[in-house]
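A.B. asks: Below you'll find the structure I mean.
The values are calculated or read from the model by the stated rules, or taken from the named source; none is laboratory data. Since the model is a prediction, treat every value here as computed from it, not as a measurement. Every residue, glycine among them, receives a Cβ derived from its backbone with ideal geometry; neighbour counts consider all protein chains shown.
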Protein chains: 2
Amino acid sequence: MTHTHGYAAFDPRSPLGPYDFERRTPGPRDVSIEILFCGVCHSDLHTARSEWGGAKYPVVPGHEIVGRVTAVGSEVTRYREGELVGVGCMVDSCQHCAGCDEGLEQYCLNGFTGTYDGIEKETGRTTQGGYSDSVVVDERFVLRIPQGMDPAAAAPLLCAGITTYSPLRRWKVGPGSKVGVVGLGGLGHMAVKLARAMGAEVVLFTTSPGKREDALRLGAHDVVVSRESEQMAAHAASLDLIVNTVAAPHNLDPFLALLKRDGTMVLVGAPAEPHPSPTVFNLILQRRSLAGSLIGGIAETQAMLDFCAEHGIVSDIETIPIQAINDAYERMLKGDVKYRFVIDLGSLKAAA
Amino acid sequence: MTHTHGYAAFDPRSPLGPYDFERRTPGPRDVSIEILFCGVCHSDLHTARSEWGGAKYPVVPGHEIVGRVTAVGSEVTRYREGELVGVGCMVDSCQHCAGCDEGLEQYCLNGFTGTYDGIEKETGRTTQGGYSDSVVVDERFVLRIPQGMDPAAAAPLLCAGITTYSPLRRWKVGPGSKVGVVGLGGLGHMAVKLARAMGAEVVLFTTSPGKREDALRLGAHDVVVSRESEQMAAHAASLDLIVNTVAAPHNLDPFLALLKRDGTMVLVGAPAEPHPSPTVFNLILQRRSLAGSLIGGIAETQAMLDFCAEHGIVSDIETIPIQAINDAYERMLKGDVKYRFVIDLGSLKAAA
């Protein structure tokens, strides 16, 4: 077993604090990874505070992991000691259902194993995430970080990146597409960069007029303050796809009305409370769809990383020491981050 | 001008009664039609009572029209005097937008002209529907009733038929598909027949256990009482498409949960009040979609009629005289019709 230092939530209300635990003894197909960086996703906070219910404490959050391989099992073929690798939201799945068979492990019909707050099949224990100094992962769930990519800024690609890349691919975004992105946070800023790199015309919708310049810098062709009905009307029935990254409940109708015929608004944020019900006429009148999408499969995650490397895309980040995580959560709730906190796990070592 | 006898609603509360009016003078591209039969659609009642708001009284409902050509204009090429023809929900559209260009006049970006309660471009007057003895329609919006098809039972195909046929085609239903149909009314019974004829496995969902035998007779492979959670669970994550024909607000979540990955539930009923908001997780977890669909284009309506002729499909109907229309509305509201009332317009002549 591997003794591991980390930061955990111990109950829904207390701040996160130091927590030591054991990783499983690496098996023949396992990759042992020294964690260098871990992005801070809103899901981490939801789980730390059990906002989706049922969190298993203590829980070490973090599923945007970048690290270096320290050892590989005897049957590992894809990775070698010293390589830079990533781990995203999943560390296992059944490998024999319709989802897994198609490389869509995120839709595993028997339930994938989350990187944290899941149940580790090998041990029956709770999985623990990347706010820690090491992790042991089956090589099938390990990603290769492309050469030359900044490891800290790559970390958020493992969740925020793939969560927005996957629906852009699924709904075939490319040159000629007009794509809306709702919300300019961790997911939204990745959606803007990725959709732009795929050749789409990109419109960013925000409630904050102050985000205009930044959105244009990130790649948006136009920025619409979604409370301004005239600005909204200028894009009526014109969008092929809207990637809605806002997890807080909000009125979907003004956005649905911007879709052209057969257009889709895909929700990638999961609010604890439902959105107000959309008007059926908005769906019927131009045969529009409201859909959801969950992260992405492992093969697709690798394709996303390679796409990002090719197009020089990483996340805009603010690096923090692990000791600042509780402040970071508060700032995240206020939207005070451009656009993803990434924990430098070196800070854990320094304190140990 | 053509003097026309009909039945109209004069205000939202009074019963429908006799109403005489003029049809426009037929133009060179117009087909003059003696109406033989007209189906009774729930939209007729919504409009007669202005339940969607803004009805223009007096209004003659009816958009499931079958009749015989009595005269054609000098430029009409597709129809001749004496032929059996149909008219559905539309009598005109702009003919030059993206929707019309693709033969999807129902999604005309400038708004199609409804068969009743619309604005007739030629005259600026309110269009009046098929609860009447004649109608004048541009040949582009006239359908051919296939030879040998029962004209009364063909009438509901013009709305109930195309409204369910179009989404079945759009979502590529065929052999190997598993299709759910929610509700066994005018639309639902057509959806069952059509999906079955396309080669799909068909599951009918109803709140009425008494509809089981009838649903099986109509072509369903299985019938599920949607309030029985065990029966529902037997189809979890197994359906490719659900055609939801229920216009009354109801909980969509139990049905969304029956869709397999990438499945779609398409709403074809338009409730005056919204459905309760669906749970976002139900969309995200298997990348499901909630969509809407509106009737169908003219070319597609002809294809549907030809498909029905080929497969021996018509609507199950109960024929009524026009004088029984107000009773029919009350029975329709109680679900007491198998499965569509069709007015025999001969009854209008007899009374005149």
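A.B. asks: Counting residues that are out of contact with any helix residue (DSSP H, G or I) (no Cβ under 6 Å at 6 or more places or on another chain) and not assigned by TED's automatic domain parsing to the domain that holds residue B:46, which helices (runs of 4 or more DSSP H) fully inside the stretch B:95-181 reach at least 3?
C.D. replies: By residue number, B:160-170.
A.B. asks: Against the condition touching a residue at least 12 places away in the same chain (Cβ under 8 Å), surrounded by fewer than 24 Cβ atoms within 10 Å (Cβ to Cβ) and part of a loop (DSSP other than H, G, I, E, B), how does residue A:82 come out, does it pass?
C.D. replies: Judged against the criteria, residue A:82 is a match.
A.B. asks: Could I ask something else about it? Tell me, please, whether a residue that is within 14 Å of chain A (Cβ to nearest Cβ) and either within 19 Å of the chain's Cα centre (by Cα) or of a type outside the set (Val, Ile, Thr) (or both) can be found in the stretch B:112-133.
C.D. replies: Looking through the stretch B:112-133, at least one residue is within 14 Å of chain A (Cβ to nearest Cβ) and either within 19 Å of the chain's Cα centre (by Cα) or of a type outside the set (Val, Ile, Thr) (or both).
A.B. asks: Follow-up. Of all residues in the stretch A:282-320, count the ones that are of a type outside the set (Gly, Ala, Ser), free of Cβ contacts under 8 Å to residues at least 24 places away in the same chain and more than 14 Å from chain B (Cβ to nearest Cβ).
C.D. replies: 1
A.B. asks: Which of the following residues is out of contact with any His (no Cβ under 7 Å at 6 or more places or on another chain) and outside the structural domain of residue A:104 (by TED's automatic domain parsing): A:307, A:281, A:341?
C.D. replies: Checking each option against the conditions leaves just A:281.
A.B. asks: For the stretch A:20-44, how many residues are under 24 Å from the mean Cα position of the chain (by Cα) and either modelled with pLDDT of 95 or more or not assigned by TED's automatic domain parsing to the domain that holds residue A:82 (or both)?
C.D. replies: Within the stretch A:20-44, residues that are under 24 Å from the mean Cα position of the chain (by Cα) and either modelled with pLDDT of 95 or more or not assigned by TED's automatic domain parsing to the domain that holds residue A:82 (or both) number 14.
A.B. asks: Would you check if residue B:91 is assigned to a loop (DSSP other than H, G, I, E, B), modelled with pLDDT of 95 or more and among the β-branched types (Val, Ile, Thr)?
C.D. replies: Here the answer is no, as residue B:91 does not meet what is asked.
A.B. asks: Out of B:180, B:186, B:210, B:161, which single residue is within 19 Å of residue B:235 (Cβ to Cβ) and of a type outside the set (Ser, Thr, Tyr)?
C.D. replies: Step by step, each of B:180, B:186, B:210, B:161 is checked, and only B:180 is within 19 Å of residue B:235 (Cβ to Cβ) and of a type outside the set (Ser, Thr, Tyr).
A.B. asks: Could you tell me whether the stretch B:283-296 includes any residue that is under 30 Å from residue A:297 (Cα atoms) and polar (S, T, N, Q)?
C.D. replies: Scanning the stretch B:283-296 turns up at least one residue that is under 30 Å from residue A:297 (Cα atoms) and polar (S, T, N, Q).
A.B. asks: Could you tell me whether residue B:337 is under 17 Å from the mean Cα position of the chain (by Cα), surrounded by fewer than 20 Cβ atoms within 10 Å (Cβ to Cβ), more than 14 Å from chain A (Cβ to nearest Cβ) and more than 30 Å from residue A:170 (Cα to Cα)?
C.D. replies: Yes, satisfied.
A.B. asks: Moving on. Go through the stretch B:295-308 residue by residue and tally those that are surrounded by fewer than 22 Cβ atoms within 10 Å (Cβ to Cβ) and under 16 Å from residue B:190 (Cβ atoms).
C.D. replies: Qualifying residue count, the stretch B:295-308: 4.
A.B. asks: Now, a different point. Given the structure, is residue B:246 within 12 Å of chain A (Cβ to nearest Cβ), within 24 Å of the chain's Cα centre (by Cα) and of a type outside the set (Gly, Ala, Ser)?
C.D. replies: It is true that residue B:246 is within 12 Å of chain A (Cβ to nearest Cβ), within 24 Å of the chain's Cα centre (by Cα) and of a type outside the set (Gly, Ala, Ser).
A.B. asks: Another one. Just the residues that are part of a helix (DSSP H, G or I), among the hydrophobic types (A, V, I, L, M, F, W, C) and without any contact (Cβ under 8 Å) to a residue 60 or more places away in the chain, please, taken from the stretch A:205-221.
C.D. replies: If the condition is that a residue be part of a helix (DSSP H, G or I), among the hydrophobic types (A, V, I, L, M, F, W, C) and without any contact (Cβ under 8 Å) to a residue 60 or more places away in the chain, then A:215, A:216 are the ones that fit.
A.B. asks: Does residue B:82 fit the bill of being over 22 Å from the mean Cα position of the chain (by Cα), farther than 17 Å from residue B:35 by Cβ and away from chain A (no Cβ under 14 Å)?
C.D. replies: no
A.B. asks: To continue, here is another question. Considering every residue within the stretch A:259-281, establish whether at least one is over 15 Å from residue A:64 (Cβ atoms), surrounded by 20 or more Cβ atoms within 10 Å (Cβ to Cβ), away from chain B (no Cβ under 14 Å) and of a type outside the set (Ser, Thr, Tyr).
C.D. replies: Scanning the stretch A:259-281, I find no residue that is over 15 Å from residue A:64 (Cβ atoms), surrounded by 20 or more Cβ atoms within 10 Å (Cβ to Cβ), away from chain B (no Cβ under 14 Å) and of a type outside the set (Ser, Thr, Tyr), so the answer is no.
A.B. asks: Moving on to the next point. Select from the stretch A:85-111 the residues that are farther than 25 Å from residue A:309 by Cα and among the polar types (S, T, N, Q) and write down the one among them that is nearest to the other protein chains (Cβ to nearest Cβ).
C.D. replies: Among them, the one singled out is A:110.
A.B. asks: Among residues belonging to the stretch A:1-39 that are of a type in the set (Val, Ile, Thr) and farther than 20 Å from residue A:64 by Cα, point out the one that is surrounded by the fewest Cβ atoms within 10 Å (Cβ to Cβ).
C.D. replies: Looking at the filtered set, the residue picked out is A:25.
A.B. asks: Let me ask you something else. Taking the stretch A:179-212, which residues are over 20 Å from residue A:314 (Cβ atoms) and either surrounded by fewer than 22 Cβ atoms within 10 Å (Cβ to Cβ) or modelled with pLDDT under 95 (or both)?
C.D. replies: Result: A:201, A:207, A:208, A:209, A:210, A:212.
A.B. asks: If we scan the stretch B:116-135, do we find a residue that is touching an Asp or Glu at 6+ places or on another chain (Cβ under 8 Å) and closer than 26 Å to residue B:195 by Cβ?
C.D. replies: Checked against the condition, which is being touching an Asp or Glu at 6+ places or on another chain (Cβ under 8 Å) and closer than 26 Å to residue B:195 by Cβ, the stretch B:116-135 yields no hits at all.
A.B. asks: Can you say whether residue A:62 is modelled with pLDDT under 95, at positive phi and of a type outside the set (Val, Ile, Thr), as far as the supplied structure shows?
C.D. replies: No, not satisfied.
A.B. asks: If I ask for residues that are in a loop (DSSP other than H, G, I, E, B) and among the charged types (D, E, K, R), which ones from the stretch B:297-352 would you list?
C.D. replies: B:316, B:334, B:336, B:338
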